[in-house]
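A short worksheet on the structure shown next.
Each reported figure results from applying straightforward, stated rules to the coordinates on display, with no laboratory input. Just so it is clear, the structure is predicted and the values come from calculations on it, not from any experiment. Don't worry about glycine lacking a Cβ; one is built from the backbone with ideal geometry, like all the others, and counts go over all protein chains shown.
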Amino acid sequence: MNELVFASELTYHVIFFRLILAVIAGGLIGQNRERHFKPAGLRTHIIICTGATLLMLLSIYLPSKTGGDPGRIAAQVVTGIGFLGAGAIFRLGFNVRGLTSAASIWTTAAIGLTIGAGMYAASAFAVIIILLTLNVLNIIELKIFRYRTAKILSVITDKYSGAVDKIIDYLDKKDVELNDISIEEDIETGTIELKSVVYILKREGTKKFFEGLRNIDGIKRISLK
């Protein structure tokens with residue numbers, strides 16, 4: 001009986017209102033991901049949130065017509081969205097990228113389900129929390145916490161330029177950690193190759209770090225992966 005009463009509240013106005021809210025909620029989260037050039041951006045988050053809302057509305061409507069458990073479709077959304085989120089995760093060298101995008105995809109689907117169920121306050125509060133996490137906490141991480149990103153550095157220098165010592169001095173000044181250093185000399189070409197795993201501060205930025213290396217005399221080739 002409760003399911004029938006609940007489903008009877010799904011007028012066209014209510015359905016349209018919840019779907020519009022889903023577009024807004026998904027758009028607010030998606031614009032952050034789009035602004036940071038992430039794999040899942042504005043359109044992806046809007047579609048996910050709208051789709052989850054629509055399926056939640058279906059979960060409410062169907063039991064009133066055919067009977068059954070109203071939570072089954074919603075449960076399948078939670079499971080299925082995990083596979084979509086996994087597609088946003090990829091490995092780049094020593095780094096794993098896309099975890100935050102995958103988490104935002106999964107949570108956006110949850111917000112869509114919540115909007116579809118008519119829990120507007122909970123949905124709005126969740127969107128605020130996610131936006132604060134994506135925007136404000138990112139700034140705090142870069143300014144306070146010393147998070148590092150791992151890269152494989154390979155530098156080929158002229159043997160007689162003394163560039164290797166200059167490179168090590170530069171890395172010390174930039175507070176860059178080194179691991180697995182190898183220095184090999186090629187007698188035929190008169191070059192020295194320095195290889196190492198470097199851990200660069202995220203607030204330093206890979207581009208800035210790379211440009212600093214290029215200014216060192218005697219370097220013939222730099223690779224940073």
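When Lys and Arg each count +1 and Asp and Glu each count -1, what net charge do the other residues less than 12 Å away from T191, Cβ to Cβ, add up to? Kindly include the intermediate steps, with their values, before the conclusion.
Details: positive: K159, K220, R221; negative: D158, E184, E185, D186, E188, E193.
It works out to a net charge of -3.
Pairs of alpha-carbon atoms within less than 8 angstrom and 6+ residues apart define the contacts here; what relative contact order does the range 148-224 have, in percent? Before the final figure, lay out each step's value.
Values: 127 pairs, mean separation 38.1, N = 77.
Value for the range 148-224: 50 percent.
Gain in length, T189 to N215, computed as 0.36 nm per residue apart minus the alpha-carbon separation, to one decimal in nm? If you can, show how the numbers build up before the last one.
Numbers: separation 26, 0.36 × 26 = 9.36 nm, distance 2.20 nm.
Here the answer is 7.2 nm.
Could you tell me the calculated FRET efficiency between A124 and K173, based on Cβ-Cβ distance and R0 = 45 angstrom, to the nearest 0.05?
After rounding to 0.05, the efficiency reads 0.40.
Between V136 and E9, with labels modelled 7 Å along Cα→Cβ, what's the label distance in nm to one decimal, could you check?
Going from the V136 label point to the E9 one covers 3.0 nm.
Taking just the C-alpha trace of the range 148-224, give me its Rg and Dmax in Å.
For the range 148-224, the Cα-based Rg and Dmax read 11.9, 40 Å.
Pull out the extension gain between I20 and R72, defined as 0.36 nm times the separation in residues minus the alpha carbon to alpha carbon distance; nm, one decimal.
16.3 nm
Pop out the ³J(HN,Hα) list for the range 12-18 in order, Karplus 6.51 cos²θ - 1.76 cosθ + 1.60 with θ = phi - 60°, rounded to Hz; leave Gly and Pro as x.
4, 5, 5, 4, 5, 4, 5
Residue by residue through the range 184-198, which ³J(HN,Hα) values in whole Hz follow from phi under the Karplus form 6.51 cos²θ - 1.76 cosθ + 1.60 (θ = phi - 60°), with glycine and proline marked x?
Karplus values, whole Hz, x for Gly and Pro: 10, 9, 10, 5, 5, 8, x, 10, 10, 10, 9, 10, 6, 8, 10.
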